[in-house]
Amino acid sequence: MALFKKSKKHYAIALDIGTEFVKVLVFSIENDTAHVIGVGRQKQALSDMQGGRVTDIYGVIKNCDIALEQAFEEAKVTPKQCIIGIAGELVKGATTTIHYKRDKVSEKITVKELKEIIEQVQDRAFDKTRSELAWESGQTEVDVKLVNSAVVDVRIDGYKVTNPIGFQGRDVQVGIFNAFAPIVHIGALQTVAEELKLDLLSIAAEPYAVARCVGMEDSAEFSSIFIDVGGGTTDIAVVRAGGIDGTKMFAIGGRVFTKSIADAFDKPFHEAEKLKLDYSSGKIAKDSEIYRKIRKAIENDCEVWLSGVELALEEFTNIELLPSKIMLCGGGSLLPEIQEYLSKTGWVKNLPFAKMPKIDFIKPSQVATVIDDTGKLQSTQDITPMGLANLAIDLAGDEKVVDNILDKIVDGLRS
């Protein structure tokens, strides 16, 4: 369902509720482009969020309110429509593919037949995700809700098509990316939106938003591994041939490194955070004792973090070859060791890479559909809220036949 009409200017909000910061973008949507006209940012207390999950709803609401007011004041408008990002270890994203053998090869594929195929994909994905989350959380049953859904691949007898209706053939292959999250996490974000009196257009899995905002629209051959290092989690998305294979998350982010620095220097958390930021930005001389002490303090954390990346990528068992390109974003990625450790050869030996992956950072200028009219979005940590703004444009776009059918099925699953 289209959320905005393109004939006139509409305003909306991207709300990135991160473990360390709440980030707000107010933007207008014009001609398939989001123009950012207001930016807000507010630091979270240690007790407000843990590992990407809301732990103090009213603490988070207060922080969101402050960030929203900053953005509204700059934008000179106060829109209500809002897209919110969701992260955390229990947010599961994967592409499910089924092969459907048609008995009547010479007959053309109808809307009814395509709907039945997509329903099979969605039922299989839902059951699989529920069982995985139940196993990981130790619960006998976990209530989950669909967060994002997108058709990533449709083929008829091996030939890639965008709209299979009207085609003939025996083998119909449909791949759909779905992101699910426990209802308790979605409910917390819905409460935040309600208390802030915002009209919640969508809750989006953040690694999905990041993966959709760079490269994918330009080429059906675009492939990359996206790694978003936030305050409480590291989110990974694998994109191959323009389609998302899946997303993984694990609960190691910037706070882990800050805590180790705090312990090493016997300083409170906020002072250790400043030390870490100075270290990341090159303000601490490399030949100084402080530099060496910080590097030593986070050494073990870096090894554990790299193991987390390796384990996450090992879970993509359906992939013969991983993309040989890694794109980094998030405030935690600015720590020099993140790129340094990823550049080591040892960790890739047990993974299906054709060659050592090239490591790069996503720059705000690479998000072509989001134009920053404020001049404030200059860091890799601004990519996630920009990715959310980009999804709002996608939601406003002209729907393809397959996406329209999927949306109707998704609406049924969500109700």
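Each value in this text was obtained by applying a stated rule to the coordinates, not by laboratory testing. None of these values were measured; they are calculated from a predicted model. In this analysis, Cβ positions are derived from the backbone assuming ideal geometry, glycine residues included, and neighbour counts consider all displayed protein chains.
Angle check, please: helix 289-314 long axis (alpha carbons) against the longest principal axis of the chain (alpha carbons), in degrees 0 to 90, nearest 10. Value to nearest ten degrees: 20. Can you tell me the orientation of helix 183-195 relative to the chain, as the angle in degrees between its alpha-carbon axis and the longest Cα principal axis, to the nearest 10? With rounding to tens, the tilt is 70 degrees. Taking the Cα centre of the range 55-100 as reference, the dipole from Cβ charges on Lys and Arg (+1) and Asp and Glu (-1) amounts to some 220 debye.
Of all DSSP bridge pairs formed entirely within the chain, close to 75 percent run antiparallel.
When you count the other C-beta atoms within 10 angstrom of each residue and take the mean per peptide, 320-330, 223-233, 175-185 line up highest first as 223-233, 175-185, 320-330. Roughly what angle does helix 57-75 make with the longest principal axis of the chain, taking Cα atoms, 0 to 90 degrees, to the nearest 10? With both axes taken from Cα atoms, the answer is about 90 degrees. Peptides 235-245, 290-300, 197-207 ranked from most to least packed give 235-245, 197-207, 290-300, packing being the mean of other C-beta atoms within 10 angstrom over each peptide's residues. Semi-axes of the equivalent ellipsoid of the range 14-167 are 40, 24, 10 Å, computed as sqrt(5λ) over the eigenvalues of the C-alpha gyration tensor in descending order.
Packing order of peptides 366-375, 23-32, 47-56, highest average first: 23-32, 47-56, 366-375 (average count of other Cβ atoms within 10 Å over each peptide's residues). Please name which of Gln378, Ala368, Met356 has its Cα lying farthest along the dipole of the range 257-401 towards the positive end, using unit charges on Cβ (Lys, Arg +1; Asp, Glu -1) and the Cα centre as origin. Most positive-ward Cα: Met356. Computed on the Cα atoms alone, the convex hull of the range 225-307 gives a volume of 104 cubic angstrom per residue. Per the Debye calculation on the range 250-361 with a single equal scatterer at every Cα and no solvent contribution, log₁₀ I(q)/I(0) for q = 0.17, 0.22 Å⁻¹ amounts to -0.84, -1.22. Orientation-averaged projection of the chain equals 20.8 nm² [convex hull of Cα atoms, one quarter of hull surface area]. For the range 45-174, the residue among Ser106, Gln81, Gly158 whose Cα projects farthest onto the positive side of the dipole built from Cβ charges is Ser106. With θ taken as phi - 60° and the Karplus curve 6.51 cos²θ - 1.76 cosθ + 1.60 applied, the whole-hertz 3J(HN,Hα) list for the range 339-345 is 5, 4, 6, 5, 7, 6, 7 Hz, x standing for glycine and proline. Apply the Debye scattering formula to the range 337-387, with a single equal point scatterer on each alpha-carbon and no solvent, then give log10 I(q)/I(0) at q = 0.30 Å⁻¹. Per q value, in the given order, log10 I(q)/I(0) is -1.12.
Using a cutoff of 8 angstrom between alpha carbon atoms and counting only pairs six or more residues apart, the relative contact order for the chain works out to 20 percent. Roughly speaking, what is the centre-to-centre gap between the range 266-338 and the range 10-85 when only Cα atoms are used, to the nearest Å? Centre-to-centre (Cα) distance: 26 Å.
Distances between placed amide hydrogens fall under 5 Å for Lys325 paired with Ile225, Lys358, all partners being 5 or more residues away or on another chain. Simple point charges give the picture: +1 on the Cβ of Lys and Arg, -1 on the Cβ of Asp and Glu, and for the chain a dipole about the Cα centre of about 480 debye.
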